[in-house]
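Written below as structure tokens is the structure these notes are about.
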Amino acid sequence: MRTRSADIDDGGAPILGEPAPIELLNTRYAVRGVRYEGLRDPAHFATWLGEIGNRFAVEPTAAALRAVGEAELAAALDLRECVAAVVSAAMAETVPAQAATEGLNGYIRAAPQWRELRWAPAPSVVAYTAAEPVAAALAEIASAAVELVTGTRRADLRPCQGPGCILHFVRDNPRREWCSAACGNRARVARHYRRTKNVAGK
Ligand SMILES: [Zn+2]
């Protein structure tokens, strides 16, 4: 569901350094319990994609980002639903709707990639795709989602335990409970408040 808010109109979303599919999932976020849509229009999506652009094997060009329209936004939001479904299923150890897995696979199939050797001056590998750059980026996000739910990091997928937070992260240490230090601080303050209130009530 896409929501609009008069309070935050600059769009965009928190980028936490998580794998790209989790970053996409996190474009839906909450501030003090109010939910926000970080991808409300094509410009928001283009900005977000540009911010993580250097993570892709085939980096979306500036021209491609300028050309992002409603169709690309709709594809991104649809892919986000697919990612949300498979990540939720992976965390709950259930099976996602077939439409979600088929949806993911469709984005991957739509933009095949290959790698070629270059030797100037040193040996290096360069990724190519025949697809539109934005479709290629969505395919990479979809592929990364597949890696995430089939690989060893699946067990580390977590919803943030911060008060009112709806973000997800991939745990990089066994004790991590929060998407960010800010959420950790909020959670500690909330716990402290509950403890002192309980003590005072005795
Ligand atoms: Zn959080």
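For region 2-201, what is the accessible area per residue in Å² when the probe is 1.4 Å?
Per residue, region 2-201 has 56 Å² of solvent-accessible surface.
Helix 70-92 axis versus longest C-alpha principal axis of the chain: approximately 60°, rounded to the nearest ten. For the chain, rounded, prolate or oblate, judged on the Cα gyration tensor with a ≥ b ≥ c (square roots of eigenvalues), a/c < 1.5 rounded, else prolate if a/b > b/c? Prolate, because a/c is 1.5 or more and a/b exceeds b/c.
Cysteines in the chain that lack a partner Cβ within the 4.7 Å cut-off: Cys82, Cys183. In plain terms, the chain from Glu177 to Gln98 could stretch by 25.4 nm, reckoned as 0.36 nm per residue minus the Cα-Cα distance. So what's the angle, to the nearest 10 degrees on a 0 to 90 scale, between helix 42-51 and the longest Cα principal axis of the chain? Orientation of helix 42-51: about 90 degrees from the principal axis. Reported to the nearest whole Å, the Cα centre-to-centre distance from region 72-113 to region 132-158 is 9.
Over the chain, DSSP H runs of length four or greater, each weighted -39,500 (n - 2.57), average out per residue to a 222 nm ellipticity of -15500 deg cm²/dmol. Grab the other residues whose beta carbon is less than 12 angstrom from that of Ala139, score K and R as +1, D and E as -1, and report the net. Net of charged neighbours comes to -1.
Helix 181-201 and the long axis of the chain differ in direction by around 10°, with both axes built from C-alpha atoms. Taking label positions 7 Å along the Cα-Cβ direction at both Ala127 and Leu16, the computed distance is 2.3 nm, reported to one decimal. For Arg154 and Leu117, the difference between the fully extended length at 0.36 nm per residue and the C-alpha to C-alpha distance is 10.1 nm.
The values are calculated or read from the model by the stated rules, or taken from the named source; none is laboratory data. None of these values were measured; they are calculated from a predicted model. Cβ atoms come from the backbone with ideal geometry, glycine included; neighbour counts cover every protein chain shown. With ligands, DNA and RNA removed, areas are computed over all heavy atoms of the protein, side chains included. Shrake-Rupley method; radii C 1.70, N 1.55, O 1.52, S 1.80 Å.
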